Structure formats: C-alpha cells, structure tokens
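What follows draws every value from the coordinates through simple rules; no lab data is involved. The structure presented is a predicted model; accordingly, all values stated were derived computationally and were not measured. With ideal geometry, Cβ positions are generated from the backbone for all residues, glycine too; neighbour counts draw on all protein chains shown.
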Amino acid sequence: MGLQRVVRSCIVDAPIERVWAVLRDFNSHDQWHTVVAQSAIEDNKTSDRVGCVRNFTLADGNHVREMLLSLSDKDHISTYTIVEATVPLMRYVATVTLKPVTDGNRTFWHWVSTFEAPVGMERDLRDMVAHGVYEAGFANLKNYLALGSPSKAPMPLVQPVTNSGAAIEAPAIRLRDYGKPSEMQLESITVPPPAAGQVRIRQTAVGVNYFDVYLRKGWMPDFLPLPGTPGMEAAGEVIDVGPDVTSLLPGDRVVYMCPMPGSYVGIRNVPVACTTRIPPDVRDEAAAALLLKGVTADYLLRDLGHVKSGTRVLIHAAAGGVGQLVSAWAASMGALVVGTVSTPEKARIARDHGCHHVIVGRHYQFSQAIQTICQGADVVIDGLGNAAREENFAALARCGHWISLGQASGPLQDISPDWLVQKSLTFSRPVAFDYVATQAALNERAERIWQALRSGHIRSPEVELFALRDASLAHERLESRQSAGSLVLRPA
Amino acid sequence: MIQVYTSSVIDATADDVWSRIRDFNALPIWHPSIADSRIENNQPSDRIGCVRYFHLRDGGLIRERLLALSDYDFTCSYSILESPMGVENYVATLKLTPVTDGGRCFAEWSAEFDCAASRETELSQMIGQGVFQVGFDALKRYFATRR
C-alpha cells in the first residue's frame, strides 16, 4: 500500500512548440498513442478548457475518464486526474511538463504521476503506467512527429514561433540568355522573409532534372522568362514560416517540387503546399533526387498505366533517373518491363534495375524487337519525342496507352485521333505538377515513394554531387548522357 | 528584470553530474572560465548563506551567496554580491533532472537580474552562452570520456 509514484522522462528531437502543440490537446491521444483507441471530450467542450473530461477507450478494451485539472501555455504543463476507470488506479494525478533544451532546440518531456493501488498490484500497475503508458507514449509521439503523416499531422493550436527574420543573402544560379550550360552563372540574391502561405528553406540538396535543360535552352520561355533561375525541386531545412503557416516549424526537414522554376539557389521561399516532410530514414540528397522522379513514376504506373501483373511496359531511356524508378517499381508490381538504352553499359544498368528485356541502339529502332518479345506494349513511356514517333506507334499493342513524357528529339508532331483510332490507342501528355496539385496529394505520393524505398521496390539513386556554382557542369554531364545516377547540386 | 535560460542534456546520470557540481566551492574544478575559488570565513560550502569568492580567468572578482541547495531536487540557487559585470538583483538557479530514457541528465541554468537597458542583449548573451553554456559544454566533454 501507500502512495505510488511513477516518473519517466525523455528528450524529443523537436522544438518545444511542436511537441506542446500535440500534448496540450487533451483530446489528441487517439491520434498518436497506440494505447488509446478512441478519445472524446464530454459535453461538447473544447479540449483546452480546464475541467473538461476526456473519455478514452483503450486498445485493450478498458475505459478511462480523465479530467483536466490545469493547463499552462506559459510553463508547458498539463495536469489531469482519473475520475473513473476500469483499471484500479485510485487518486491518480499525473503531470506532463515540457521544457526547452536550448542547447540543440530539443524538448525535455517529464511525465510524473502519483496514485494508490490495491494491495499486491502495486508493482504491476507501476509497470503498466511506466512502460505501457509513459515510455510507449514517448516512442509513439516521437514516431508521430518524425513521420508527420498527412492525415494525422497535428494542427498546432498555438501559433508556432516564427523567426520574424530579416532578408537573407544567398547564392543563386541566374540564366541571362537561353542556350549553353555556361549561360548559367552564380550570383547573389536577397531572400525576404516568407510571405503568407510560404516557408523559407535553407536548401541542402537541389535535384537536377532533364526538364531544367529544356528550360535553359529556351524551349519554354513562358515558363522561365529571363533573367531566370531553373530548377523544380530541392530539399533542406525550414528557417522560418509565413504568418499563417502552422503545419511546419523552423528546423523541419522538407523536400519540395514547385511548378515555378527557381530551385538552383541557397535559400528559397516556397508555398507550403509544395512541401512534404522528409522521413528520418531518408537523406536530403536522396529526397531531392527522388521526389519529382518518384512522383512521376508513381502517377505513370498507378494513375495512367494502371500497371498490374502482366502489364507490358515499354520504357525509353531505361537507365535514366525516371527510367530506373519506373523499371524497378513496375517490375515489383509484376509487369513485364522492356527498356531501351543507347549503350551496352546502360543496358547493364537497366537490367540491374528490373528491366526484363533491354534493347540497345541509338537509332530509334525497337518496334520489331517489342513485337517479338511480347507482341506489343500496353504502356509506352515516351521520352524520345518526334524522331521515334512512328516506332512508338508500331511498338504499341492494341488498346495501348502512349504516354508522352519528354521530347528529347524534338516536339511530337501530328498525333491525330484518326491515327490513334487505327489501334484504339490512348494518348496522354501529363505534367507531374497536376498530379500533386494539393499538399495532401503530394504527401500521399511522397509516402508511397518512401515506402517503396523501405520495402526495396525502388532503390535510393546513386547521387552525383556538384557544387551549386558548378550547375553548368552538372548540365553538361546530364546532356552527355554519360551519367547513370541522379545529379544533385549542393548550395553550401 | 532580465531572464536568461539555458538548458542542455548531459550524457551521465543526474547523480553523477550532481556530485561534480554540488560543491559551491568547486567551480574551478568543472567550469573552464573560473580560475580559483574559496569560501569566506572558513564556512562549509553546503551551508546556506555561505559566500564564495572567486576569480574569472580574465581576472574579474565575483562574490556569490548560496541561497538554496537541495540534494533532493538537485537544485542550487545563489545571488551575486559583487562582480564587474554591472548586474543588480542577480539570482541564478542551476537544476538537474534525470532523463529516465537513457539514464541521462537534463540540466537547466537560469538567471534573473537588472542592468542598464543598453547592455541587456550583451549581458544575456554573455551569461547564457559565455557562462552557462560553456559550463554545460565542459560537463558534456567531461562525462563523454567517462561512459
């Protein structure tokens, strides 16, 4: 008998505002604590009213009603007591206290309770509270904060502290004329504090895509007016957030893809809707190298190709960034994957990434081989463009789907309905950004990419790093078609 | 009233850290900025009200009075009686709390004081980083070699 006391504490690798945003919500536990299956506040009160009662249904079927006794946004303290429970914890009063760890911007979380227990059950109940509730809660919340899955992302009830920040100088690549890689020069820019809806990111890794080459060459002047900065994606750390942004905090690691070019810079303001958090097991360079290509592979295979077991997929440039991902991912779905490449060395890479058959050649001659291998392709993912127009048509099976992803040899001419009707073909000309038009869509696709990485369905790309100032070298490398990995620029 | 708060995590048990810093006369042993220290009037260093008389490595003399000491809460509070810093009504508290996860120690060092308005930023920085954080860094280094 006697008063039992349980104390547990831990360090959470997140700023105190972020941890408190979750813990101050007396009704949040069913979102993050695996012990709690359901939570509801009685009498339609809000969860921050002192005296409100929460009604828990635990995962093991027990019921607990707890009353909020005190709540302090000043001291980050929440105290509560059990008013009724199917477990024999009597006179149970618990206090959660958070304190900032100023050395490292982390959080100290202290959880203490006192209670009385029936004779003989003291130790079991102490263990249950200490391990089953407090320590499990530490692990659950760390997991919840780190993964920040979109459907469960906490909406902080307190405004996060924002760096009221001044403008910051940063390096930037500027294109003053369309043309050769050498037109891209390093300059210095001033990045203002983030506006409403924006986050300011200190970039650590910038993904380089073939699309950036098109922009540099001036194929889409409306998209990148001069002087301009190319680049569609990057990863980094949030410096500060705009006035109305509550879903991210300074210090969060994020990766983004943004339909407005301009990622070849050291620091950038981007709409929060273009960002998604990087899970702890993914490095910044991998995230920057993967996001746009991974999203592309995801919508190609899932939304457009409807790829399933037995689907015949023809992917051009199968050893390229998107090609590797598409090949590996499609193969993991049970598809028959045929790739085209320009050299025997690239054929080896394509096979290594899941291509079942590889056709080698530089002269856009592949339709005969496809017909021999599998009597035509159900899905053609075409990055070649006009020079391979007739061959792609010939390579498609009846009712096939021609997806025009890129136009390396020049814009496709005359894809007329009367031509497609000869084989009941479908033709698509997708843009990745339309498939991530909302943050929820981006989060969902990103989560599938990270999951595919973890399960080994796709591989983290081999990254070739270049300094930001050497963006022109990276473009030369990309256009030389010598690289088999993903190119990433490092601003610092 | 200016408030300064610095906190850190030290990879040692609170017991071990406390035994290194509990002695009000032990600053020169564990804090790299302190050159020497003695307790005035031959008093024991855990007697509430005793005064420590010490020099910084740059030569400055400081006298501080022990206001509170708790072996139960791992807490030590003291006030400045005399110093070259230009602070008044200076009261500081050093507190340790065990981190049960990993057997570590959460250390907090806070101070309240008054000073000339023009020196608030400089003194907050000097005390929070130059004194408190430097002390924590020294403890972290010391215990890093002993685990």
Task: For B:Tyr142, A:Tyr210, order by how many other beta-carbon atoms lie within 10 Å, fewest first - done: B:Tyr142, A:Tyr210
Task: Neighbouring partner chain Cβ atoms per residue of B:101-109, average, 10 Å criterion - done: 4
Task: Gain in span if fully extended, A:Asp244 to A:Gln451, counting 0.36 nm per residue against the direct Cα distance - done: 71.5 nm
Task: Helical contribution to [θ] at 222 nm, DSSP H n ≥ 4, -39,500 (n - 2.57), averaged over chain A, rounded to 500 - done: -7000 deg cm²/dmol
TODO: Principal axes first, then extents: for the Cα atoms of region A:381-428, list largest minus smallest coordinate on each axis, whole Å, largest first.
DONE: 26, 18, 17
Task: Alpha-carbon centroids, region A:57-88 and region A:268-346: separation in whole Å - done: 46
Task: P(r), alpha carbons of the protein assembly as shown - 10 Å bins starting at zero, rounded % - done: 3, 13, 19, 19, 17, 14, 9, 5, 2, 0, 0
Task: Under 20 Å from A:Lys99, Cα to Cα: lysines that are on another chain or at least 8 residues apart - done: A:Lys74, A:Lys142, B:Lys95, B:Lys140
Task: Percent antiparallel among DSSP beta bridges (both partners in the protein assembly as shown, rounded to 5) - done: 80
Task: Helix A:321-332 axis, angle to chain A major axis (alpha carbon atoms, nearest 10°) - done: 70
Open item on the list: Above 21 Å lies some portion of the pair distances; for chain B, what is it as a whole percent of all C-alpha pairs?
Closed with: 42
- [ ] Could you run the Karplus curve 6.51 cos²θ - 1.76 cosθ + 1.60 with θ = phi - 60° over region A:422-434 and give me ³J(HN,Hα) per residue in whole Hz, x for Gly and Pro?
- [x] 4, 10, 6, 7, 10, 10, 10, 10, x, 10, 3, 5, 5
Open item on the list: Can you give the FRET efficiency to the nearest 0.05 for A:Asp75 and A:Phe433, using r as the Cβ-Cβ distance and R₀ = 60 Å?
Closed with: 0.85
TODO: Per DSSP H run of n ≥ 4, the term is -39500 (n - 2.57); total these for chain B, divide by its residue number, and report the mean residue ellipticity at 222 nm rounded to 500 deg cm²/dmol.
DONE: -5000 deg cm²/dmol
Task: Qualifying lysines (Cα of each under 27 Å from Cα of A:Lys293; at least 8 residues distant if same chain) - done: A:Lys152, A:Lys180, A:Lys217, A:Lys308, A:Lys346
TODO: Would you mind checking region B:6-31 for residues with the amide N under 19 Å from a putative spin-label position 7 Å along Cα→C-beta of B:Asp71?
DONE: B:13-27
TODO: Compute the signed sum of charges (Lys and Arg +1, Asp and Glu -1) over the other residues within less than 10 Å, Cβ to Cβ, of A:His110.
DONE: +2
- [ ] Starting from one equal scatterer on each C-alpha and no solvent at all, send me the Debye-based log10 I(q)/I(0) for region A:255-295 at q = 0.25, 0.29 Å⁻¹, two decimals.
- [x] -1.00, -1.25
Open item on the list: Tell me the net charge near B:Ala26. Cut-off is 12 Å between Cβ atoms, B:Ala26 excluded, with +1 for each Lys or Arg and -1 for each Asp or Glu.
Closed with: +1
Task: Partners for A:Lys45 among aspartates and glutamates (Cα-Cα distance below 19 Å; same-chain residues under 8 apart left out) - done: A:Asp25, A:Asp30, A:Glu66, A:Asp73, A:Glu84
Open item on the list: I'd like the distance separating the alpha-carbon centroids of region A:1-46 and region A:205-259, in whole Å.
Closed with: 37
Open item on the list: Starting from the 7 Å offset along Cα-to-Cβ, what nm value, one decimal, do you get for the label separation of A:Met260 and A:Gln482?
Closed with: 3.7
TODO: For helix A:284-298, report the angle its Cα long axis makes with the longest principal axis of the Cα atoms of chain A; keep it between 0 and 90° and round to the nearest 10°.
DONE: 70
Task: Calculated on alpha-carbon atoms, Rg and Dmax of region A:345-456 in Å - done: 16.3, 45
Open item on the list: Within 15 Å, Cβ to Cβ, of B:Asp36, how many net charges do the neighbouring residues add up to if Lys/Arg are +1 and Asp/Glu are -1?
Closed with: 0
Open item on the list: Tell me whether region A:278-404 comes out rounded, prolate or oblate; compute the Cα gyration tensor, take square roots of the eigenvalues as a ≥ b ≥ c, and use a/c under 1.5 as the rounded threshold.
Closed with: prolate
Open item on the list: Ratio of alpha-carbon Rg to the 2.2 N^0.38 Å globular estimate for region A:4-152, to two decimals, please.
Closed with: 1.01
